[in-house]
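Since the structure comes first, as structure tokens, the remarks are kept for the end.
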Amino acid sequence: MMYQFEYRLSEKDVIALHNFHARKSRWIFSLICLFISFFQFLNGNFFGALFSVVLSACTLFGYGHLLVFATKIALRARKKQGKLFSGKDCIIRFYEDSFTDITGDDEMVINLKYTEITQIAVRNHAIYIFFSGPQAFILNFSLFESEEQKNEFLIFINSKVNTA
């Protein structure tokens, strides 16, 4: 085993992950709205063009807040249903050719090869290891003993993904 981290996800961690997705998608949606407004303007539909520009601006500045609000509501609903994995003890182990995440008391075990990683993102407080679309493992910086260990891990995981 190369690395092992024991962690407990919080609602704040899950919201930060959704906020990361919102930042990427809001630009795309805003550009699509502007593109549509351009063609509406060319066709003489000035009201439609103005509406698309306003929608683009609202998306650009308000989409992230709306998504965070919707995520909080969804998390509360999942918590009431007992389907929320945040707040449970987790262990993630990184081996030479794969890694394993164990949630709870062997309640959910995920084994993945490094070839299944789609993206590694480093943000202000965490490393996101994406697999299968929007799903990601969240490794808070607080899991690392030092900045040096965090950097060593990033070199390790990036080398595995790039060679896989």
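Key figures
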{"item": "Residue list for the range 88-124, restricted to those being closer than 20 Å to ASN158 by Cβ, in contact (Cβ under 8 Å) with a residue 40 or more places away in the chain and not acidic (Asp, Glu)", "result": "ILE92, ARG93, PHE94, TYR95, LYS113, TYR114, THR115, ILE117, ILE120, ALA121, ARG123"}
{"item": "Residue that is modelled with the highest pLDDT [pool: residues in the range 101-136 that are more than 19 Å from SER10 (Cα to Cα) and among the aromatic types (Phe, Trp, Tyr)]", "result": "TYR114"}
{"item": "Residue pairs meeting the criteria (Cβ under 9 Å; at least 6 apart or on separate chains; first in the same structural domain as ILE36 (by TED's automatic domain parsing), in the range 47-58; second at pLDDT below 80 and of a type in the set (Phe, Trp, Tyr))", "result": "LEU55/PHE29; SER56/PHE29"}
{"item": "Filter pass, LEU139 being modelled with pLDDT of 90 or more, closer than 18 Å to LEU9 by Cβ, surrounded by 12 or more Cβ atoms within 10 Å (Cβ to Cβ) and not assigned by TED's automatic domain parsing to the domain that holds LEU17", "result": "yes"}
{"item": "Scope the range 144-163; condition at pLDDT below 90 and over 16 Å from THR100 (Cα atoms); matching residues", "result": "ASN162, THR163"}
{"item": "Extreme residue, farthest from TRP27 (Cα to Cα), among residues of the range 56-97 that are in contact with a Lys or Arg (Cβ under 9 Å, 6 or more places away or on another chain), outside any helix (DSSP H, G or I) and modelled with pLDDT of 70 or more", "result": "GLU96"}
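The values are calculated or read from the model by the stated rules, or taken from the named source; none is laboratory data. Here the structure is a predicted model, which is why all the values come from computation and not from measurement. Using ideal geometry, Cβ is built from the backbone for each residue, glycine included, and neighbour counts are taken over all protein chains shown.
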